Amino acid sequence: MANGPAPFSEIGKRARDLLYKDYNFDHKFTLSVPSSSGLGLTATGFKRDQYFVGDINSLYKSGNVTVDVKVDTYSNVSTKVTLNNVFHSKKVALSFNIPDHKSGKYLHPHAAIDSSIGLNPAPQLELSAAIGSKDISMGAEVGFNTTSASFSKYNAGITFNKPDFSATLMLADKGETLKASYIHYVDRPDGLTVAAELAHRLSSSENRFTIGTSQSIDPKTVLKTRFSDDGKAAFQCQRAWRPNSLITLSAEYDSTKIFGSPAKFGLALALKP
């Protein structure tokens with residue numbers, strides 16, 4: 001499976017993670033409690049303006065079976081059960097959510113397929129697939145709303161990966177946006193990485209450009225920056241103050257904002273005993 005393609009959700013993920021992951025302009029707290037018995041517990045909370053929302057997630061692993069149960073602020077409960085290596089000849093994962101969805105995943109040395117079906121009178125149908133190898137792969141995803149008998153999404157992409165770079169071309173937003181992204185790992189002691197994304201909206205010919213960097217200040221601290229053509233500049237500093245525990249400070253400055261504060265700040269704390 002190491003030489004097979006990743007699922008469609010992984011196409012372009014390297015550049016997206018550098019440009020957008022962990023940029024949080026609210027207050028966030030995450031507590032993860034692992035267990036040697038295979039049962040893990042994660043609690044996440046957000047403070048946004050005057051409101052606090054969160055969820056509690058428990059994860060249990062035993063052999064080839066993983067059970068994931070999540071309860072959110074609104075008392076919604078979802079359960080996901082995944083079985084890996086069902087057959088000896090191929091790696092297969094079957095998963096479903098209770099009570100809202102059921103889904104399936106099929107992984108092959110040259111193909112990866114995900115699907116889900118909502119368990120309600122008018123279910124939402126989703127399917128994604130990718131083919132290729134670890135170096136080059138292409139895929140697509142589609143969602144169909146049975147209530148309105150219309151497509152809720154359809155996206156496609158192709159990616160080319162090498163150890164020191166990755167390039168991706170995506171057709172997103174129901175074919176409305178063409179995105180090209182690139183990430184390059186510079187051979188430097190500080191692990192400098194540069195990523196860029198160009199988005200072109202086909203209907204309006206509008207272009208958006210974002211570039212970002214990531215580098216290590218010391219073995220425990222990572223600094224990220226992001227600049228976009230809409231006048232926004234963002235900064236992120238993430239420090240591992242103890243093993244598996246992170247504190248992340250994010251800030252963004254909007255040079256085009258005339259009224260109100262042009263700056264936003266966020267703090268995220270993740271604890272893992």
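Go through the range 8-46 residue by residue and tally those that are among the acidic types (Asp, Glu), more than 18 Å from Lys179 (Cβ to Cβ) and out of contact with any Phe, Trp or Tyr (no Cβ under 8 Å at 6 or more places or on another chain).
Count: 1.
Checking the condition surrounded by fewer than 15 Cβ atoms within 10 Å (Cβ to Cβ) and under 20 Å from the mean Cα position of the chain (by Cα), which residue from Leu202, Leu267, Leu249 passes?
Just a single option satisfies the conditions, and that option is Leu249.
Please specify each residue of the range 137-174 satisfying the condition of being of a type in the set (A, V, I, L, M) and surrounded by 14 or more Cβ atoms within 10 Å (Cβ to Cβ).
Correct list: Met138, Ala140, Val142, Ala156, Ile158, Ala167, Leu169, Met170, Leu171, Ala172.
Assess whether Val222 counts as being out of contact with any Pro (no Cβ under 7 Å at 6 or more places or on another chain) and over 25 Å from Asp135 (Cβ atoms).
Here the answer is yes, as Val222 does meet what is asked.
So, of the residues in the range 233-250 that are assigned to a strand (DSSP E or B) and in contact (Cβ under 8 Å) with a residue 24 or more places away in the chain, which turns out to be farthest from Lys220 (Cα to Cα)?
Ala234
If Leu171 satisfies every condition in (1) closer than 17 Å to Lys13 by Cβ; (2) at pLDDT below 90 but one, which is the exception?
Unmet for Leu171, out of (1) closer than 17 Å to Lys13 by Cβ; (2) at pLDDT below 90: (2).
Scan the range 230-268 for residues that are of a type in the set (Lys, Arg) and at pLDDT below 90 and jot them down.
The answer is Arg242, Lys257.
Out of Lys174, Lys220, I need the residue that is on the phi > 0 side of the Ramachandran plot, touching a strand residue (DSSP E or B) at 6+ places or on another chain (Cβ under 9 Å) and of a type in the set (D, E, K, R). Which one?
Exactly one of Lys174, Lys220 is on the phi > 0 side of the Ramachandran plot, touching a strand residue (DSSP E or B) at 6+ places or on another chain (Cβ under 9 Å) and of a type in the set (D, E, K, R), namely Lys174.
Can you find a residue in the range 53-67 that is of a type in the set (D, E, K, R), modelled with pLDDT of 80 or more and outside any strand (DSSP E or B)?
no
Within the range 8-27, restricting attention to residues that are among the small types (Gly, Ala, Ser) and not in a loop (DSSP other than H, G, I, E, B), which residue is modelled with the lowest pLDDT?
Looking at the filtered set, the residue picked out is Ser9.
Applying the selection to the range 254-269, what residues are of a type in the set (Lys, Arg) and in a loop (DSSP other than H, G, I, E, B)?
Correct list: Lys257 only.
Which of (1) out of contact with any Pro (no Cβ under 9 Å at 6 or more places or on another chain); (2) at pLDDT 80 or above; (3) more than 29 Å from Arg201 (Cβ to Cβ) is the odd one out, the single condition Ser133 does not satisfy?
In the conditions (1) out of contact with any Pro (no Cβ under 9 Å at 6 or more places or on another chain); (2) at pLDDT 80 or above; (3) more than 29 Å from Arg201 (Cβ to Cβ), Ser133 misses (1) alone.
Which of the following residues is out of contact with any helix residue (DSSP H, G or I) (no Cβ under 6 Å at 6 or more places or on another chain) and part of a strand (DSSP E or B): Lys174, Lys224?
Step by step, each of Lys174, Lys224 is checked, and only Lys224 is out of contact with any helix residue (DSSP H, G or I) (no Cβ under 6 Å at 6 or more places or on another chain) and part of a strand (DSSP E or B).
Any residue at all in the range 175-193 that's surrounded by 12 or more Cβ atoms within 10 Å (Cβ to Cβ), out of contact with any Cys (no Cβ under 9 Å at 6 or more places or on another chain), modelled with pLDDT under 90 and under 23 Å from Met138 (Cα atoms)?
Within the range 175-193 (the criterion being surrounded by 12 or more Cβ atoms within 10 Å (Cβ to Cβ), out of contact with any Cys (no Cβ under 9 Å at 6 or more places or on another chain), modelled with pLDDT under 90 and under 23 Å from Met138 (Cα atoms)), the answer is yes, since at least one residue qualifies.
The values are calculated or read from the model by the stated rules, or taken from the named source; none is laboratory data. What you see is a predicted model, and the numbers here were worked out from it, not measured in a lab. Cβ: placed from backbone, ideal geometry, glycine included. Neighbour counts: every protein chain shown.
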